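The values are calculated or read from the model by the stated rules, or taken from the named source; none is laboratory data. Predicted model only: the values in this text are computed from it and were never measured. Every residue, glycine among them, receives a Cβ derived from its backbone with ideal geometry; neighbour counts consider all protein chains shown.
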Amino acid sequence: MEKCEFYEACPFFNDTMANMPSLAEMMKDKYCRKDFKSCARYQVRITGKTTPPDLFPNQVARVKEILAGS
Ligand code: SF4
């Protein structure tokens, strides 16, 4: 399966967000390397809007609110 197209520049994937390595690694497997379309960061990034620096892949509930903002 294809990896997320944004991984090279993604702060989450490059470990600048989480200080919980094992949890981050699980999320990278779940989202970045498999189901990236379900990732909250991906869903914001694909629209061209600025992705909040503190948005985690599993925080899809925040996406609607972020996309409704300016
Ligand atoms: S799936 Fe999400 S967290 Fe992973 S590299 Fe893509 S945008 Fe970043």
**Request:** Note down all Cβ pairs under 7 Å where the first residue falls in region 51-70 and is farther than 17 Å from Phe12 by Cβ, the second is in a loop (DSSP other than H, G, I, E, B), and they're at least six residues apart or on different chains.
**Result:** Leu67/Thr47; Leu67/Lys49
**Search result, residues across region 6-34 that are within 9 Å of the ligand (Cβ to nearest atom), part of a loop (DSSP other than H, G, I, E, B) and either of a type in the set (Gly, Ala, Ser) or surrounded by fewer than 12 Cβ atoms within 10 Å (Cβ to Cβ) (or both)** = Asn14
**Item:** Filter pass, Lys3 being surrounded by 11 or more Cβ atoms within 10 Å (Cβ to Cβ), assigned to a loop (DSSP other than H, G, I, E, B) and either among the charged types (D, E, K, R) or near the ligand (Cβ under 8 Å from one of its atoms) (or both)
**Value:** yes
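Scan region 36-45 and give yes if some residue there is modelled with pLDDT of 95 or more and more than 9 Å from the ligand (Cβ to nearest atom), otherwise no. First the steps, then the outcome.
If we filter region 36-45 for residues that are modelled with pLDDT of 95 or more, which is where we start, we get 36-45.
Filter once more, so that each one left must be more than 9 Å from the ligand (Cβ to nearest atom): none.
No: region 36-45 contains no residue that is modelled with pLDDT of 95 or more and more than 9 Å from the ligand (Cβ to nearest atom).
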**Message:** Against the definition (loosely packed, with under 14 Cβ neighbours inside 10 Å and of a type outside the set (Asp, Glu)), how does Leu67 come out, yes or no?
**Reply:** yes
